[in-house]
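All of the numbers you see were taken from the coordinates with simple rules; none came from a lab. Computed from a prediction, not measured in an experiment: that's the story for all the values here. Glycine gets a Cβ as well: all are built from the backbone with ideal geometry, and neighbour counts include every protein chain shown.
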Amino acid sequence: MPIVTCVEDLRLLARKRVPRMFYDYADSGSWTETTYRANETDFAKIKLRQRVAVNMEDRTLASTMVGIPVAMPVALSPTGLTGMQHADGEILAARAAKKFGIPFTLSTMSICSIEDIATHTSAPFWFQLYMMRDRGFMERLIERARAAKCSALVLTLDLQILGQRHKDLRNGLSAPPKLTIPNIVNIATKPRWWTSMLRTRRHSFGNIVGHVQGVEDVSSLSSWTATQFDPKLDWDDVKWVRKLWGGKLILKGLMDPEDARLAADSGADALIVSNHGGRQLDGAPSSIEALPAIVDAVGSGTEVWVDGGIRSGQDVLKAIALGAHATMIGRPFLYGLGALGEEGVARCLEIIRNELDVTMALCGHRDIRTVSRDILLSGPFVPA
Ligand code: FNR
């Protein structure tokens, strides 16, 4: 096992082991990638207040997310094509999340289907839904998530139309990958990846192929999906989903205090401050910059979570200190998966948990639920 001491080690290992098309898909943002980069770099601008001579024994990171107990306030964000970072990636990530007592969220655009996760893992998981033009398909997805006993639904609001990622266009991203000469040459240099892929039958969008009439192969799938994200999505649609689902509803992709208030008024149980990991509106602020104003606007009736750019336990702590009730991570667990499969996701979570625990102690706290803005020094993003 290679020595892995931080999330960056996992990223470098994943870059070596995952075919370029899928590594680039994970490790990129839209257009100039300004927002994508700011998500990470803005965390470094926030300074922690070091405390000494306070009791640091007997610490706890336990918390809740929409009333569900979690071992630390971190969940896995929904990510499309996760089963292309490693064979059966969604199943492996869900298992690692279960081991660490945190929620896994399955994307609509996953390779393993809702039923695959329900069959091959034991924990309840969350399902992420996009608003699609085919409302009949959405109804069926919600029904399938209910049948699989998903304990919450995450409705993503920030992808009515698609931001452009240059690398995906250049690489001709598709799942399964098209067997062009450059792809074959690149994949041939990633033996761990392709040998594991040969052992699974899951090579395309498991929630869609075979579940929509006429969508049976990769070309019909890509033309169907390209037309499906609904640009007309509005708050009435959110209410429609809420009524249809009837369970815990989490709204994802809020970056503006006014939208966040509307999201809270729509009856959501939680909202996620998120710019889709810098993959949609390039030029938007980082999620951590957007967080404090949204926390203030929403008040205490609805949980506010944040994702985007979290690469360490220190980042999780800063987000909690700025008022997030909990956090989510996307790329860090994808790097773990690409690097070392299930073990890599577990290593990623272990690293983040240890960093969070020790950093919280060095800031003079023993219980994550007592962390507040006063562990931060005044500076960027920290309201006076
Ligand atoms: C995503 N994201 C995403 N979000 C969503 O609601 N549904 C999806 O299918 C996807 N797909 C997806 C694929 C990949 C490769 C990435 C990196 C991201 C966004 C994701 O849920 C989350 O908001 C970001 O990943 C958070 O930023 P970090 O942690 O990756 O920096």
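Helix 287-298 axis versus longest C-alpha principal axis of the chain: approximately 70°, rounded to the nearest ten.
The distance from the alpha carbon centre of region 184-225 to that of region 51-68 is 42 Å, rounded to a whole number.
Each listed q (0.09, 0.10, 0.12 Å⁻¹) maps to a log10 I(q)/I(0) for the chain, found by the Debye formula over equal Cα scatterers with no solvent: -0.49, -0.61, -0.89. Centroid-to-centroid, using Cα positions, region 252-313 and region 324-384 are 17 Å apart. Dividing the C-alpha radius of gyration of region 1-115 by 2.2 N^0.38 Å, with N its residue count, gives 1.31. Which shape class, rounded, prolate or oblate, goes with region 223-290 when its Cα gyration tensor gives a ≥ b ≥ c as root eigenvalues, a/c under 1.5 marks rounded, and past that a/b bigger than b/c marks prolate? Judged from the Cα gyration tensor, region 223-290 comes out oblate (a/c at least 1.5, b/c at or above a/b). When the C-alpha to C-alpha distance is required to be over 29 Å, the pairs from LYS45/LYS248; LYS178/LYS243; LYS149/LYS243; LYS16/LYS167; LYS99/LYS248 that qualify are LYS45/LYS248; LYS178/LYS243. Relative to the longest principal axis of the Cα atoms of the chain, the long axis of helix 135-147 makes an angle of roughly 60 degrees. Look at CYS6, CYS363, CYS348, CYS150 and count the other Cβ atoms within 10 Å of each Cβ; fewest to most, that gives CYS6, CYS363, CYS150, CYS348. Here the Karplus relation 6.51 cos²θ - 1.76 cosθ + 1.60, evaluated at θ = phi - 60°, turns the backbone of region 251-261 into coupling constants of 9, 10, x, 8, 10, 10, x, 5, 4, 5, 5 Hz, with x for every Gly and Pro.
Binning the alpha carbon pair distances of region 276-373 at 10 angstrom intervals from zero yields the distribution 15, 41, 34, 10, 0, expressed in whole percent.
Cα centroid separation, region 111-130 to region 144-160: 10 Å.
Can you give the angle from 0 to 90° between the axis of helix 331-362 and the longest principal axis of the chain, with both taken from C-alpha atoms, to the nearest 10? Roughly 10 degrees between the two axes. From largest to smallest, the equivalent ellipsoid semi-axes obtained for region 75-121 from the alpha-carbon gyration tensor read 15, 11, 10 Å.
Can you pull out the trypsin sites (Lys or Arg not before Pro) in region 229-290 that DSSP calls coil and that have at most 10 other Cβ atoms within 10 Å? Qualifying residues, ordered by number: LYS232. Listing MET360, MET84 from fewest to most neighbouring C-beta atoms within 10 Å gives MET360, MET84. Working from label points 7 Å from Cα in the Cα-to-Cβ sense, the THR189 to ARG170 distance is 1.5 nm. Counted over the chain, the DSSP beta bridges are approximately 20% antiparallel. Charge tally around PHE43: other residues with Cβ under 13 Å, Lys/Arg +1 each, Asp/Glu -1 each, net -1. Under the criterion of Cα pairs below 8 Å and six or more residues apart, the relative contact order for region 7-377 equals 30 percent. Listed values for region 15-29 are Karplus-derived 3J(HN,Hα) couplings in whole Hz (6.51 cos²θ - 1.76 cosθ + 1.60, θ = phi - 60°), namely 4, 6, 9, 9, x, 3, 3, 8, 5, 4, 4, 6, 9, 8, x, and x replaces Gly and Pro.
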